[in-house]
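Structure first, commentary second.
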Amino acid sequence: MICENLSINEKGHLTFAGVDTVDMAKKYGTPLYLMDEDRIRYKCNEYKNAMKEFFGDNALPLYASKAASFKRIYQVMKDEAMGIDVVSSGEIYTVLKAGATLENAYFHSNNKTDQDIEYAMDNGIGYFVVDNIEELCAIEEEASKRGIKQSILLRITPGIDPHTNEAISTGKVDSKFGSAIETGQAEEMVIESIGKPHIDLCGFHCHIGSQVFDAENYLLSTDVMMNFIADMKAKLGYEAKQLNIGGGFGVKSTEYDPELNIRTEIQRIGTFIHKKAEDLCVTLPKILMEPGRSIVADAGITIYTVGTIKTIPGYKNYVSVDGGMTDNPRFALYQAPYTIYVANRMNEKRDFIADVVGRCCESGDIIQKGVELAETMHNDTLAVLITGAYNYSMASNYNRLPRPPVVMIENGRDYVAVKRESLEDLVRNDI
Ligand code: LLP
């Protein structure tokens, strides 16, 4: 199986994190997100241990919570002593409601509003990752009003193209994110930051993109960033205390995808960065990474019930499920590949080829094209694998479909972390 938390039981059903997915569909209804809490914790530890071993004792992974944001996940991150990356007042609010603190929270976004800045400071945000000069001035002003010195990192654009989907590539000079080294704007930001009395510039951040499989790209971006650190030391006498090298490690979602080993890649970056620091005669800063997808993606699957099965003679088969682009917009947005099984027919031959589509009123509402399924019947249970990242967090109420619940599984025990939305929830804000 594509991930070790998947198996087939004696009934020929797909199991996930040790539970029968067909039973889960019966118990909670569908569509349903299942998440494997043990796997999430395992991934956190994989990052923490490798980063400590290969970067240094003070290295810290931050969970990029845009991948899956709800109260329970922040409690898991708190337990695991992970830092967090937040991108909005909404994510900050969720952290606080979860009873976690913002001490090791890094606030991203290319367009933080004045209200976001105030709200984050009101609640003691650890760091702003400052994107641009206007934001820097707004933070200085707000910190000055409060008589505090606000810790920040600067988001630097290293000018690296990670060759991932254009929509999730962020490290090129022509990007809405950050300030580029190439244009001189990054240096300007450093000069401005160190000149501001209420700003404590702690270091730099870069993020080249998401779903990056070729880890060579991290060596390239780390190289650029370390050179920048040395350059700022030489020119301005400024020594960065932290370097955040971003998230983005790719996750295998079908048997055709390459596999990236987190520990091996961190070791590779670690070896490179220590040598680089030595060559440049700079002290290696505290290294941060901010993985999202690689922490939660294979800790999640989505379960649906099959409704209509349609064969168009001479064309193709369509299998419609009771969810769709509302709970998983990733094929519609990025043609994202997925592995799909008929969860109650795992031992049957997979020779029924169909497009798996949702129930929304548009033709682009596709979960996956040309899937090899077991002969599929009405009311069968369909499992879409590796949906833990950017599925729940990008879900919508298009066509007034309620969002599915998130059920977590911990040590064989299933519990609801996010309730299914009700019809009443859908009109909650309608006047
Ligand atoms: N750090 C920054 C600054 C980011 O912008 C992101 C992702 C991450 C970390 C985490 O990247 P990850 O490890 O999860 O790849 N909705 C898209 C992904 C957008 C990623 C946005 N930023 C998707 O469904 O594939």
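The values are calculated or read from the model by the stated rules, or taken from the named source; none is laboratory data. Here the structure is a predicted model, which is why all the values come from computation and not from measurement. Glycine also receives a Cβ, built like all others from the backbone with ideal geometry; neighbour counts cover every protein chain displayed.
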Single match in 251, 282, 319 (criterion: assigned by TED's automatic domain parsing to the domain that holds residue 342 and of a type in the set (A, V, I, L, M)): 319
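Filter the range 313-334 for residues that are part of a loop (DSSP other than H, G, I, E, B) and surrounded by fewer than 17 Cβ atoms within 10 Å (Cβ to Cβ); which is nearest to the ligand (Cβ to nearest atom)?
Per the stated criteria, the residue is 316.
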Only one of 117, 160 is away from the ligand (no atom under 12 Å from the Cβ) and either touching a residue at least 60 places away in the same chain (Cβ under 8 Å) or assigned to a strand (DSSP E or B) (or both). Can you tell me which? 160
Checking residue 101 against (1) under 23 Å from residue 186 (Cβ atoms); (2) not in a helix (DSSP H, G or I), which single condition isn't satisfied? (1)
Select from the range 199-216 the residues that are closer than 25 Å to residue 149 by Cβ and free of Cβ contacts under 8 Å to residues at least 40 places away in the same chain and list them in ascending order. none
Consider residue 346 against the criteria (1) in contact with a Leu (Cβ under 6 Å, 6 or more places away or on another chain); (2) crowded, with 23+ Cβ neighbours inside 10 Å: it satisfies all of them except one. Which criterion is unmet? (2)
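Against the definition (within 30 Å of residue 146 (Cα to Cα), within 15 Å of the ligand (Cβ to nearest atom), touching an Asp or Glu at 6+ places or on another chain (Cβ under 9 Å) and small (Gly, Ala, Ser)), how does residue 178 come out, yes or no? Don't jump to the end; show me each part of the working.
Values: within 30 Å of residue 146 (Cα to Cα): yes; within 15 Å of the ligand (Cβ to nearest atom): yes; touching an Asp or Glu at 6+ places or on another chain (Cβ under 9 Å): yes; small (Gly, Ala, Ser): yes.
Taking the combined requirement at face value, the residue satisfies it.
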Single residue of the range 376-393 satisfying the filter (under 28 Å from residue 64 (Cβ atoms) and either in a loop (DSSP other than H, G, I, E, B) or among the charged types (D, E, K, R) (or both)) that is nearest to the ligand (Cβ to nearest atom): 390
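Where residues in the range 196-255 are among the aromatic types (Phe, Trp, Tyr) and more than 10 Å from the ligand (Cβ to nearest atom), which of them is modelled with the lowest pLDDT?
From the range 196-255, those among the aromatic types (Phe, Trp, Tyr) are 204, 213, 218, 228, 238, 249; that's our starting set.
From what is left, the residues that are more than 10 Å from the ligand (Cβ to nearest atom) are 204, 213, 218, 228, 238.
Details: 204: 98, 213: 91, 218: 94, 228: 97, 238: 98.
Checking each candidate, the answer is 213.
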